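First up is the structure itself, then whatever we jot down about it.
Please treat every number below as a calculation from the coordinates, not as lab data. Note that this is a predicted model, so its numbers are computed, not measured. Here Cβ is always computed from backbone atoms with ideal geometry, including for glycine, and neighbour counts include all displayed protein chains.
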Amino acid sequence: MSKKYHVQRREFLSPLAEWGAYVIATVEDARERHVRVPDPYEFAEYQEINLRISDGSKEISLYLDVNTVEERLNTLEMLRMLTEVIDEFKRAVETEVEVLNAQQPMPKHARAASAVH
């Protein structure tokens, strides 16, 4: 039986794919597992849940454990915190881009091009 997934997504993070920045998110769907393995720490039976992020030169890999109740709670808390920090980081970068755009005048050739319509 082939594995099924809640999400199995790969995306480039830049419109320029040659830069190599990407994200890969994988969450295996365990609903169709009918066999219970006695050893929950046997590698072959770990549920595939991971998040890989690369800026094109280095990769961060998060392999999240959900084998025990404690691991599941920890994984959810890690994801909540990660989401919170990324959201805050995004807002800060958006603010900084606005500040920089306001401080840096538009180049002459861009002004001329925008005036000709």
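Here are the numbers:
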{"item": "Inter-probe distance in nm under a simple model that places probes 7 Å from Cα toward Cβ, at ASN50 and GLU71", "result": "1.4"}
{"item": "Set of aspartates and glutamates near LYS3 by C-alpha distance (under 19 Å), chain-local residues within fewer than 8 positions excluded", "result": "GLU28, ASP29, GLU32, GLU42, GLU45, GLU48, ASP65"}
{"item": "Simple spin-label estimate for VAL97 and MET78 in nanometres, 7 Å along Cα-Cβ", "result": "2.9"}
{"item": "LYS3 paired with LYS58, simple spin-label distance in nm, labels 7 Å along Cα-to-beta-carbon", "result": "2.7"}
{"item": "Cβ-based net charge around GLU84, under 12 Å, with every Lys or Arg adding one and every Asp or Glu removing one", "result": "0"}
